[in-house]
């Protein structure tokens, strides 16, 4: 415990020592700028003011009092957005007191990540090193795990980090279980009708919520009617049911995806699918429904052996080729948040267009979460969230040299560097 | 059940059947025009590897080949020694932990090898050719492990790596003291690191007594030659037999442990008893005691950057493997996981980025280093004449972020060929679709309209 406190102190101290004033003005010069939206600028400059991108171009004038950073030979990309993570909710998986991710019960649509997120988790700093500047943070478990938040990867407090306090609702769609990875024996597949029955249960729950909201509305219009007792769960579902709040539906098998498509259409939900391990089999249908897909961590095997050993990797390319809007995520392990770019690289190795991969880390998630007015590309007026790197950001041999979040020059050093610098200096024994 | 298994493996089996049909004994195979990463020496651009039977016969440029030699043109692709995973739990039937007791060296993974585990094939698709598959980490002295060659399709017995030293798993820290386990029936000694070490010491002393009893008995038998009344033999104890063999140095100890202090402590214990401690498993804090590890001649088989899943895995960093390797520790990156096993080459690349290993050292960490730790470095781990023809072919440099493993050979035989696999998969997928469509078609009514 002592060590944790010490660690937190260290992290805070480093923030104190290195954080620049967010009102600082920066001019980054002579970089190759990849704005994602718009053409690449060779030997370009980027001006940051008041946390926003003030100007992009060649040979920008240097305003007085501005800090100049020479980025010759380096590349500027918009900050990456991790579209599904557990940052700030899980510190050390096995230690319950550091885990705030899963509530009891199946139906918890009212729970907000905003109420629990720890801005000082070490995983924010270690997960920024490959250019991630924002992340969706979601709870897990049950059918309705709660409400995700979209946050910047830096801030003294949650309100300082938040891009959207409530970004999406969440539904875990029933999954026809995959055969166990260790061998193929044991465990019979759940029959399809079992899945359908579970979907019926979700529909019944939503119908109850609709009924509650209807009674409440009627009572508000008629003084003679008593409103139903306050139900926070159904209240939380209100924006989901009227289609104003998107809902992430985690779904895996092709047949389940088809059921989910029918489900969100019938319920008129503004859906975002997540996982879609067998999405390549029904990509055209997902595209037709106009539903975007959050790709899970690619550190996993095929859903079923028949999908092919390379299914998780090629699935990404197949979805993109069908025209589905995709985005990447680091998934369930916040300690491996930096691997976001490695997932993207695996998808590229197995057929995804490199440019598409970059979009899937930037402008696509920004659009999916409705924040493309602020994030996802380098454009004048947008948040100054970007990084300066030595090469292709998907190449794990490239190194991010500078990172900016909301115009603040972020110290890249983190817990790992603290340990490394200490122990590499241990005198020879 | 068996039929189900077969059906699920259909694609793979198809691919293998067609490959294995062309294989004959002692044939010659030339892999030509590849960028060869030998590990043992310089890379050879546009080089050739001549394979005779199961062995590499020659490596170099412009090799002369006899008539009738099969040729695979690598067209400038990269070829490296087959990747070796020194810590795995695949291909084991049932559980990997004998949790019913504290000390269980009498159990042997060799008895429960499952040669049909599809993870063997998945490992091949990631360029892995040999693995050390081992007992879990629930016991201070656990079960015996086994080194396998991934001869997918062969029997359990045929997969065993000939001549590999016998191993035994030990475990320290949170797992044997069951810190993170809960539920009924979970209260078991030990609950502290002290208790873990005490259990090992106690067992050693018992084994010494046991050995002495038998030695004394054997002596008496010798002395009583010719006499009618023979002494009564002591009770046979298979557990203590193995522990006594550990003390004799019969087994290579592979000790699971995370924290530097428990590692140091167990090194002292091993010195005291003269036990052959070969390698720490995980050893996430090994970077703190790199010089001590070197001095004691013990290796560290670790993760590239897997961390923070429990307290003892928190005080570490992705720079750890490189830091240790640079200070002279024999380091290997292992998978411990069927999924990670498929991308050990990505893990190797991480040691270049974090801590700055050279590309050669990064590749050693998944080839020759684990081979040394497993005692199979005379046979595998580099591309040299006389060694086994276990090879992995990549379309780009194996540390390139966009690299894909395209072919894997074990004993000179192609066990994975991506091009062929894709072809077969497409056929199987067509079949699957056809069946599905047929199943969905409404059945035709034979008698025309119904009333």
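The values are calculated or read from the model by the stated rules, or taken from the named source; none is laboratory data. None of these values were measured; they are calculated from a predicted model. Every residue, glycine among them, receives a Cβ derived from its backbone with ideal geometry; neighbour counts consider all protein chains shown.
Return a yes/no flag: does the range A:126-147 have any residue that is assigned to a helix (DSSP H, G or I) and at pLDDT 95 or above.
Just the residues of the range A:126-147 that are assigned to a helix (DSSP H, G or I), to begin with: A:126-127.
Add one more test, that the residue is at pLDDT 95 or above, and what stays is A:126-127.
Yes, there is a match, as at least one residue in the range A:126-147 is assigned to a helix (DSSP H, G or I) and at pLDDT 95 or above.
What number of residues within the range B:279-317 are assigned to a loop (DSSP other than H, G, I, E, B) and away from chain A (no Cβ under 12 Å)? Walk me through how you get there before you give the answer.
Within the range B:279-317, the first condition is being assigned to a loop (DSSP other than H, G, I, E, B), and the residues that meet it are B:283-285, B:297-298, B:303-310, B:314-317.
When the remaining residues are screened for being away from chain A (no Cβ under 12 Å), the result is B:283, B:297-298.
Residues that pass the stated criteria total 3.
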Pairs returned, first residue in the range B:91-109 that is within 19 Å of residue B:160 (Cβ to Cβ), second residue that is in a loop (DSSP other than H, G, I, E, B), beta-carbon separation under 6 angstrom, 6 or more apart or interchain, are B:91/B:114; B:91/B:117; B:93/B:114; B:96/B:89; B:96/B:136; B:107/B:98; B:109/B:135
In the range A:257-290, anything assigned to a loop (DSSP other than H, G, I, E, B) and either surrounded by 23 or more Cβ atoms within 10 Å (Cβ to Cβ) or within 14 Å of chain B (Cβ to nearest Cβ) (or both) is listed as A:276, A:277, A:278, A:282
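Is it the case that some residue within the range A:357-371 is within 11 Å of chain B (Cβ to nearest Cβ) and out of contact with any strand residue (DSSP E or B) (no Cβ under 6 Å at 6 or more places or on another chain)? Outline the logic, then answer.
Initially, the range A:357-371 is screened for residues within 11 Å of chain B (Cβ to nearest Cβ), giving A:357.
With out of contact with any strand residue (DSSP E or B) (no Cβ under 6 Å at 6 or more places or on another chain) added as a condition, the list becomes A:357.
Looking through the range A:357-371, at least one residue is within 11 Å of chain B (Cβ to nearest Cβ) and out of contact with any strand residue (DSSP E or B) (no Cβ under 6 Å at 6 or more places or on another chain).
Let's see how each residue does on (1) modelled with pLDDT of 95 or more; (2) closer than 18 Å to residue A:409 by Cβ; (3) part of a loop (DSSP other than H, G, I, E, B); (4) not assigned by TED's automatic domain parsing to the domain that holds residue A:140:
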{"position": "A:22", "(1), (2), (3), (4)": "no, yes, yes, yes"}
{"position": "A:47", "(1), (2), (3), (4)": "yes, yes, no, yes"}
{"position": "A:73", "(1), (2), (3), (4)": "yes, no, yes, yes"}
{"position": "A:103", "(1), (2), (3), (4)": "yes, no, yes, no"}
{"position": "A:120", "(1), (2), (3), (4)": "yes, no, yes, no"}
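From A:340, A:298, grab the single residue that is within 30 Å of residue A:126 (Cα to Cα) and in contact with a helix residue (DSSP H, G or I) (Cβ under 7 Å, 6 or more places away or on another chain).
Selected residue: A:298, the only one of A:340, A:298 that is within 30 Å of residue A:126 (Cα to Cα) and in contact with a helix residue (DSSP H, G or I) (Cβ under 7 Å, 6 or more places away or on another chain).
Among B:94, B:153, B:76, which is the only one that is surrounded by fewer than 23 Cβ atoms within 10 Å (Cβ to Cβ), assigned to a loop (DSSP other than H, G, I, E, B), within 14 Å of another protein chain (Cβ to nearest Cβ) and at positive phi? Walk me through it before giving the result.
Values: B:153 fails: within 14 Å of another protein chain (Cβ to nearest Cβ); B:76 fails: within 14 Å of another protein chain (Cβ to nearest Cβ).
Going through B:94, B:153, B:76 in turn, just one is surrounded by fewer than 23 Cβ atoms within 10 Å (Cβ to Cβ), assigned to a loop (DSSP other than H, G, I, E, B), within 14 Å of another protein chain (Cβ to nearest Cβ) and at positive phi: B:94.
Tell me the residue from B:364, B:420 that is buried (at least 21 other Cβ atoms within 10 Å of the Cβ) and either within 28 Å of residue A:357 (Cβ to Cβ) or in the same structural domain as residue B:169 (by TED's automatic domain parsing) (or both), please. Before the answer, list the steps.
On the way: B:420 fails: buried (at least 21 other Cβ atoms within 10 Å of the Cβ).
On inspection, the qualifying residue turns out to be B:364.
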Quick check on residue B:320: is it under 15 Å from residue B:280 (Cα atoms), surrounded by 24 or more Cβ atoms within 10 Å (Cβ to Cβ) and facing chain A (nearest Cβ under 10 Å)? yes
Quick count over the range B:175-192, residues being touching a residue at least 40 places away in the same chain (Cβ under 8 Å), surrounded by fewer than 21 Cβ atoms within 10 Å (Cβ to Cβ) and on the phi < 0 side of the Ramachandran plot, is 5
Residue set A:401, A:422; condition in a strand (DSSP E or B) and within 14 Å of another protein chain (Cβ to nearest Cβ); output residue A:401
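For every residue, the table says whether it meets (1) touching a helix residue (DSSP H, G or I) at 6+ places or on another chain (Cβ under 6 Å); (2) more than 14 Å from chain A (Cβ to nearest Cβ).
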position	(1), (2)
B:124	no, no
B:138	no, yes
B:147	yes, yes
B:157	no, yes
B:169	no, yes
B:179	no, no
B:190	yes, yes
B:194	no, yes
B:203	yes, yes
Within the range A:350-376, the count of residues that are surrounded by fewer than 19 Cβ atoms within 10 Å (Cβ to Cβ), out of contact with any helix residue (DSSP H, G or I) (no Cβ under 7 Å at 6 or more places or on another chain) and in a helix (DSSP H, G or I) comes to 2
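Does at least one position in the range B:103-126 carry a residue that is on the phi > 0 side of the Ramachandran plot and surrounded by 16 or more Cβ atoms within 10 Å (Cβ to Cβ)?
There is no residue in the range B:103-126 that is on the phi > 0 side of the Ramachandran plot and surrounded by 16 or more Cβ atoms within 10 Å (Cβ to Cβ).
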